[in-house]
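Trainee: Pasting a structure here, questions to come.
The values are calculated or read from the model by the stated rules, or taken from the named source; none is laboratory data. All of these numbers come straight from a predicted model, not from anything done at the bench. Cβ: placed from backbone, ideal geometry, glycine included. Neighbour counts: every protein chain shown. Note: accessible area is taken over every heavy atom of the protein model, side chains too, but ligands, DNA and RNA are not part of it. Shrake-Rupley method; radii C 1.70, N 1.55, O 1.52, S 1.80 Å.
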There are 4 protein chains.
Amino acid sequence: MAGNSFGELFRFTSWGESHGPAIGCVVDGVPPRLALTEADIQPFLDKRRPGQSRFTTQRREPDEVEILSGTFEGLTTGTPVSLLIRNTDQRSKDYGEIKDKFRPGHADFTYQAKYGIRDYRGGGRSSARETAVRVAAGAVARKVLGETVTIRGALVEMGGIGVDRSRWDWDETGRNDFFCPDAETAARWAEYLDGLRKSGDSCGAVIEVVAEGVPVGLGDPLYDKLDADLAKAMMGINAVKAVEIGDGFAAARLTGSQNADEMRMREGKPAFLGNRAGGILGGIANGEPVVVRFAVKPTSSILTPRLSVTRDGADTEVVTKGRHDPCVGIRAVPVGEAMMAVVLADHLLRHRGQCGG
Amino acid sequence: MAGNSFGELFRFTSWGESHGPAIGCVVDGVPPRLALTEADIQPFLDKRRPGQSRFTTQRREPDEVEILSGTFEGLTTGTPVSLLIRNTDQRSKDYGEIKDKFRPGHADFTYQAKYGIRDYRGGGRSSARETAVRVAAGAVARKVLGETVTIRGALVEMGGIGVDRSRWDWDETGRNDFFCPDAETAARWAEYLDGLRKSGDSCGAVIEVVAEGVPVGLGDPLYDKLDADLAKAMMGINAVKAVEIGDGFAAARLTGSQNADEMRMREGKPAFLGNRAGGILGGIANGEPVVVRFAVKPTSSILTPRLSVTRDGADTEVVTKGRHDPCVGIRAVPVGEAMMAVVLADHLLRHRGQCGG
Amino acid sequence: MAGNSFGELFRFTSWGESHGPAIGCVVDGVPPRLALTEADIQPFLDKRRPGQSRFTTQRREPDEVEILSGTFEGLTTGTPVSLLIRNTDQRSKDYGEIKDKFRPGHADFTYQAKYGIRDYRGGGRSSARETAVRVAAGAVARKVLGETVTIRGALVEMGGIGVDRSRWDWDETGRNDFFCPDAETAARWAEYLDGLRKSGDSCGAVIEVVAEGVPVGLGDPLYDKLDADLAKAMMGINAVKAVEIGDGFAAARLTGSQNADEMRMREGKPAFLGNRAGGILGGIANGEPVVVRFAVKPTSSILTPRLSVTRDGADTEVVTKGRHDPCVGIRAVPVGEAMMAVVLADHLLRHRGQCGG
Amino acid sequence: MAGNSFGELFRFTSWGESHGPAIGCVVDGVPPRLALTEADIQPFLDKRRPGQSRFTTQRREPDEVEILSGTFEGLTTGTPVSLLIRNTDQRSKDYGEIKDKFRPGHADFTYQAKYGIRDYRGGGRSSARETAVRVAAGAVARKVLGETVTIRGALVEMGGIGVDRSRWDWDETGRNDFFCPDAETAARWAEYLDGLRKSGDSCGAVIEVVAEGVPVGLGDPLYDKLDADLAKAMMGINAVKAVEIGDGFAAARLTGSQNADEMRMREGKPAFLGNRAGGILGGIANGEPVVVRFAVKPTSSILTPRLSVTRDGADTEVVTKGRHDPCVGIRAVPVGEAMMAVVLADHLLRHRGQCGG
């Protein structure tokens, strides 16, 4: 209710501030007898971990996850899985100046207004550091989904420069610093981002996450549509300002005869001849790849001085020092993948509950 | 859990099929002692009602709402408000052909796959008719918000033709058939849509909803961010494929120095010099207008024959006869307004619960 | 959240006041393809209906249920089942005096204090009339459970007079006016209650509900234990002040060697040699009959004048005229059965969701 | 949903097994700006801690709580409070024999049946050790309630020997090993329990918890009645088999004229002349002390051999070695107090949300 849990049957509850002793979550509703150890989770955290290239924050956290409960002899037991990640590189001295000034674009002002108090060290609870927890929960969700569901994400636009879809190669996303599916675009981004970093500025990005093998029938009608839950999941990621499914905003510029994906029997099963719908009709998965895209605004922490006000109500200027990602969108890729996994795992259990099978 | 409820503290549960005897909802959590009669709800239903111009479906429903519980002598009592709207113009004969064929773009196939059964008369539960219920619940939500919060929506793009924002006039939205804030664009749309209607085709649209006077502090962090809940609310509306807050996708093409709204003291209070954030920072309202846009795909019911399959697994073609909106986006405007009201009312009560005040 | 919904996966939301036009509920999460018509629900409502003997209130309501949604051609579709029961015999004139006086033992004072307003006609929302809705929802829950689960209730104590368990006969519960499993005790109760009615007084009762055939494994650990949910369900029934499972309070007077039900293999399956646990261990069903008992306080509406205060804060006396049950416990039997069904149906779906099968 | 969370607006989610590295919980929905440090929680854990007398298990755990998040400079921030208690005295070798045998009265059989797997070391998740987490959450709940609400518990019956209420002295509960409000009864219990311990047997108990200063109006009608939530909270405590409010089962043996608490104005405010209702009418607090009692069955772990079956389906006998409480009811007193605090804190926030004030 206070905003720190996600999911219904597969549900995780997150806790922790960027500069406290640790962050973590409790994952409840995990079905029993799934193989699960830290080794199933760590690779996804490593993918998100900062400090791996010059294009992400130089904050260095090993982000080692510990499973504190819910498994026995390497298998889940159906009881809550408690995950803990210690904070090790906090350097809270870096953040002294923002104690009394609200950083434009950050949650400083709204947290202060809502709660009348805030942990000003590095964003506290609103820090992107919390997304490590989502990635960990997403790794557990992948175990629930099993091997027949494949979830992959890619950065598809940065600073207004989009990928060339004709060169799309999922394997390439693992070979460059941007999760870019197209090596040439990755090279352009590197150049662009180097320039931006030098000027102390930042840029936005668009991420695309695709899930293949999603069983037909996942999702609930009306208010818990699969796409509605995906929209909530993605919009809840730090700095995200927009979400679209399938053709998204472009669908609004099509006619009905262009837009609706036609159907034909293929190998004895109904199949779609296109996927403008992004794998979802009426809120329910139709068997085609589930496709979601979301926009990440440029990092608000920049070296350019910006007009602001103090907590005491005086005009001021603020420059956000410290170590920051010039494009937080990059590290949002594994976070988006994780939230896709969480939403699908939750709906898998919900579907099984109501409809059996 | 099965997808028919929305909200937590202010929560409505919807029921009813397009061709059953009635549709309705139960609104729970309404604070006591608010003035509420049918006359507070009916105008919003009238705004959404079909058959008011040649640009919407000719199905004629008076859509008269009855309050069955929860008020006493014109005031809410804190108990559930049950709202009922009878279906009067059902003509289920129109829908005979779709019993066995899946209409492309519709939920026919996925409902059948999920439930193994479907009410094929006019879309049943997945019909846009259900949105009347959301509008009714939204009217109750407006009472919770009170008069200091103003919620208004407009159609801002149809068939790829966008409004001219320099001519934006909220009053104009009440004067044309499209909730268009710009009379010239409305005239262009009328011409465009007349052509489309004649060819039996349909088109998509983009809706913008703006809430002014939203108290600073509404919203919850992380997973129940105000924007995340808005994204879920809007994506849950029939045919919606994309949602954005403030600058949305455009923010991904800005730099950090362009994007972050700067602050200055104004009349003794912190104020923002821009509103690219759409009134929300870190998931919490910052006092600026809350701005959300969503894309509606073109109506899937069109007269052009489309390839499809039958329930028994044979290739076929399908033409959707009957009375349909050439652009469902038009009537989505009051629905979007309603869902904005519901999300804000829910967060108002939640904020009051956790933080007092 | 506001207290009008029960259950998680199988969830119903109730609405309506005793003197409004109707009462009803929305049952969400009903699995698809279950046979369901009004005829499946009506017999349970008839069992609870007042005016069937001289021992219950003479208010006469046909309590005819209408299914407004969620079924198609006699089968559930997986969409919400909306149930409506019209109020027909309201005689609100009977209740004029209690407008300004708080009736001791009733919810008048607390509703007024909580909401600052109350529908004083016949108890409004707090009237036992609302329990008809629970009975209707329970009938739907029975369809979810199927025929292998048998749920039966009996009155086992009235005015301090308990049944003789050696004469227990379930069939007898359908033959007397008290749902009493023992004809001799029923005769004693009739005599006792006739005396009480003449003096304008009332009495309390104890109800026992037993579910047989409950699948092993239903229930969740810790906070949503099957017995915890049953306790909540039964304590939520009007006038209930106590709940126990299996031996209940008597278990507190046993030693460990007396109390724990021993086990032996029986026909190749683990079985229990006793059932002091009432069919639940660690919150999870163990395959034995699930046994719950609850105590109903004496009807607070009595003809004896009682000291009270007015809404305006003056001392007064109050006599509750009108038509009332001398022992509300009698009609609580079908309500207790219904809530047992609801709790079990909910846990059946939850178990299926998390653990499959 | 999987049973490890309690509460709605004030909500905690528990995790951990008795023989894992730690147990803990996340408390979400804590209002901001409450003073909270470990020192506010530790005294309640100390009160529950085992090994403090010869009448409780000799397992020795310091039960030191760590706050990992949600506070800043000694004040809550409105973000989740993560609490962790390390397990230090696990001796899992003691529990080897129960790997393959189901202990009568324990959850071994049902966990195995539900999940197909169980952590057999000391009861795993079903161990009473988990109740330390509830006590910790309860300490946070007390901060939410503030100093005007007083919550106290006492053991009122053990092995069938009840306290003498004429000698009730709350202070005495802190002076003996049983939380007994009556020194003479405490002495009798000591003698009784010594005898029981020597024979390797165990006994049950009844606990009473009283909350004074509860604001009028807390609680929700119908399904989330304050007493219904208390019933769920108490029945969810390990080994509890019965719950009653106010006069409870005794109310079923009264007449209406005896039972209903009359009212009179006292110091300008409505007051009740008795409290048979236990402070709750229609599910809502009436300002009188909230009184709940619950029965704890005798500890199932006893030295007497009992008939059982093995996991492989063979008849066997089982003796539960290890260190166990001869009367788990003793340490249930602080747990019952804690759950009272949690229920009241949750309803305080819920009431504030819906009704303001």
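Trainee: On the protein heavy atoms, probe 1.4 angstrom, tell me the percent of accessible surface of chain C carried by carbon and sulfur.
Mentor: 46 percent
Trainee: What size of dipole, in debye to the nearest 20, comes out for chain D about its Cα centre when the only charges are +1 on Lys and Arg C-beta atoms and -1 on Asp and Glu C-beta atoms?
Mentor: That gives chain D a dipole magnitude of about 660 debye.
Trainee: Now for a different question. From the helices alone, meaning DSSP H stretches of at least four residues, give me the mean residue ellipticity at 222 nm for chain C, per-run term -39500 (n - 2.57), in deg cm²/dmol to the nearest 500.
Mentor: The helix-only estimate for chain C comes to -7500 deg cm²/dmol at 222 nm.
Trainee: Which pairs break 20 Å Cα to Cα here: D:Lys99/D:Lys198; D:Lys47/D:Lys321; C:Lys225/D:Lys114; C:Lys269/D:Lys241; C:Lys232/D:Lys225; C:Lys114/D:Lys241?
Mentor: Violating the 20 Å limit, Cα to Cα: D:Lys99/D:Lys198; D:Lys47/D:Lys321; C:Lys269/D:Lys241; C:Lys114/D:Lys241.
Trainee: Also, I was wondering about something else. If you restrict to DSSP beta bridges whose two residues both lie in the protein assembly as shown, what percentage is antiparallel, to the nearest 5?
Mentor: Counting DSSP beta bridges with both partners in the protein assembly as shown, the antiparallel share is about 100 percent.
Trainee: To continue, here is another question. Would you pull out the residues with amide H under 5 Å of A:Met265's amide H, same chain only if 5 or more places away, H placed 1.01 Å from N?
Mentor: Excluding prolines and chain starts, which carry no amide H, the hits are A:Ala271, B:Asp315.
Trainee: Assign one of three labels to the protein assembly as shown, namely rounded, prolate or oblate, based on the Cα gyration tensor with a ≥ b ≥ c the square roots of its eigenvalues; rounded applies when a/c is under 1.5, prolate when it is not and a/b is larger than b/c, and oblate otherwise.
Mentor: It comes out prolate by the Cα gyration axes.
Trainee: Short version: ³J(HN,Hα) in whole Hz for each residue of region B:63-78, in order, from phi by Karplus 6.51 cos²θ - 1.76 cosθ + 1.60 (θ = phi - 60°), x for Gly and Pro, what are they?
Mentor: 6, 8, 8, 10, 8, 9, 6, x, 10, 8, 6, x, 10, 5, 10, x
Trainee: Another question about this same structure. Evaluate the relative contact order of chain D (contact order divided by residue number), counting alpha-carbon pairs under 8 angstrom at least 6 apart; express in whole percent.
Mentor: Rounded, it is 22 percent for chain D.
Trainee: Between D:Ala228, D:Ala314, D:Ala271, which gets the highest mean-square fluctuation from a Gaussian network model of chain D, Cα cutoff 10 Å?
Mentor: Of D:Ala228, D:Ala314, D:Ala271, the most mobile in the Gaussian network model is D:Ala314.
Trainee: If you take each beta carbon of peptide B:294-307 and count the beta carbons of other chains within 10 angstrom, what is the mean?
Mentor: That works out to 6 on average.
Trainee: With θ set to phi - 60° and the Karplus curve 6.51 cos²θ - 1.76 cosθ + 1.60, what are the ³J(HN,Hα) couplings of region C:165-178 in order, to the nearest whole Hz, using x for Gly and Pro?
Mentor: Computed from phi, the couplings for region C:165-178 are 5, 5, 9, 4, 9, 4, 4, 4, 4, x, 10, 10, 7, 10 Hz.
Trainee: Just to confirm the number: angle between the C-alpha axis of helix A:183-198 and the first principal axis of chain A, 0 to 90 degrees, nearest 10?
Mentor: Computed tilt is about 20 degrees.
Trainee: Which is the longest stretch in chain D that no exposed loop site breaks, taking sites as GluC sites (Glu not before Pro) with a DSSP loop state and at most 10 other Cβ atoms within 10 Å?
Mentor: Longest stretch, sites excluded: D:148-266.
Trainee: I need the shape label for region C:243-357. Rule: rounded when a/c is under 1.5, else prolate if a/b > b/c, else oblate, with a, b, c from the alpha carbon gyration tensor.
Mentor: Judged from the Cα gyration tensor, region C:243-357 comes out prolate (a/c at least 1.5, a/b above b/c).
Trainee: Sticking with this one: Quick check for you: with a 1.4 Å probe and neighbouring chains kept, what is the accessible area per residue of region A:1-129, in Å²?
Mentor: It amounts to 30 Å² per residue over region A:1-129.
Trainee: In sequence order, what are the phi-derived ³J(HN,Hα) couplings for region A:16-28 according to the Karplus relation 6.51 cos²θ - 1.76 cosθ + 1.60 with θ = phi - 60°, rounded to whole Hz, with x for glycine and proline?
Mentor: Using θ = phi - 60°, the values come out as x, 10, 4, 10, x, x, 6, 10, x, 7, 10, 9, 10 Hz.
Trainee: Residues of region A:224-242 losing 20 Å² or more of accessible surface, assembly versus chain alone, probe 1.4 Å, please list them.
Mentor: Output list: A:Asp224, A:Lys225, A:Asp227, A:Ala228, A:Ala231, A:Lys232, A:Met235, A:Gly236, A:Lys241, A:Ala242.
Trainee: What average number of partner chain Cβ atoms lie no more than 10 Å from the Cβ of the residues making up A:274-286?
Mentor: So the per-residue partner count for this stretch is 5.
Trainee: Springs between alpha-carbon pairs under 10 angstrom, Gaussian network model over chain B: which of B:Ala260, B:Ala154, B:Ala277 fluctuates most?
Mentor: B:Ala260
Trainee: Need one word for region D:12-169: rounded, prolate or oblate. Basis is the Cα gyration tensor (sqrt eigenvalues a ≥ b ≥ c); a/c below 1.5 gives rounded, then a/b vs b/c decides.
Mentor: oblate
Trainee: If you don't mind, there's one more thing I want to ask. Taking Cα atoms, how many degrees apart are the long axis of helix B:38-48 and the longest axis of chain B, rounded to 10 and kept between 0 and 90?
Mentor: Computed tilt is about 60 degrees.
Trainee: Any chance you could check the Cα centroid distance between region A:1-33 and region D:252-267 for me, in angstrom?
Mentor: Each part's Cα centre sits 47 Å from the other's.
Trainee: Here is a follow-up. Quick check: Cα centre of region D:166-223 to Cα centre of region D:58-86, how many Å?
Mentor: A separation of 27 Å, based on Cα centres.
Trainee: Just D:Gly217, D:Gly268, D:Gly124 to compare: in a GNM of chain D, with alpha carbon springs under 10 Å, which one fluctuates most?
Mentor: With Cα springs under 10 Å in chain D, the top fluctuation among D:Gly217, D:Gly268, D:Gly124 is at D:Gly268.
Trainee: Not counting ligands, DNA or RNA, and with a 1.4 Å probe, what is D:Leu45's accessible surface area in Å² rounded to the nearest 10?
Mentor: 0 Å²
Trainee: Could you state how much accessible area is buried at the B-A interface, both sides summed, with a 1.4 Å probe, in Å² to the nearest 100?
Mentor: Separately minus together, B and A give about 8700 Å² buried.
Trainee: Between 0 and 90 degrees, rounded to the nearest ten: what's the tilt of helix D:131-145 against the longest Cα principal axis of chain D?
Mentor: That helix lies at roughly 10 degrees to the long axis.
Trainee: Tell me which aspartates and glutamates have Cα within less than 15 Å of C:Lys101's Cα, excluding those fewer than 8 residues away on the same chain?
Mentor: C:Asp119, C:Asp312, C:Asp315, C:Glu317, D:Asp261, D:Glu262
Trainee: If you rotate chain D onto chain B, whose Cβ in D ends up lying nearest the axis, and how many Å away is it?
Mentor: It is D:Gly353, 1, counting Cβ atoms only.
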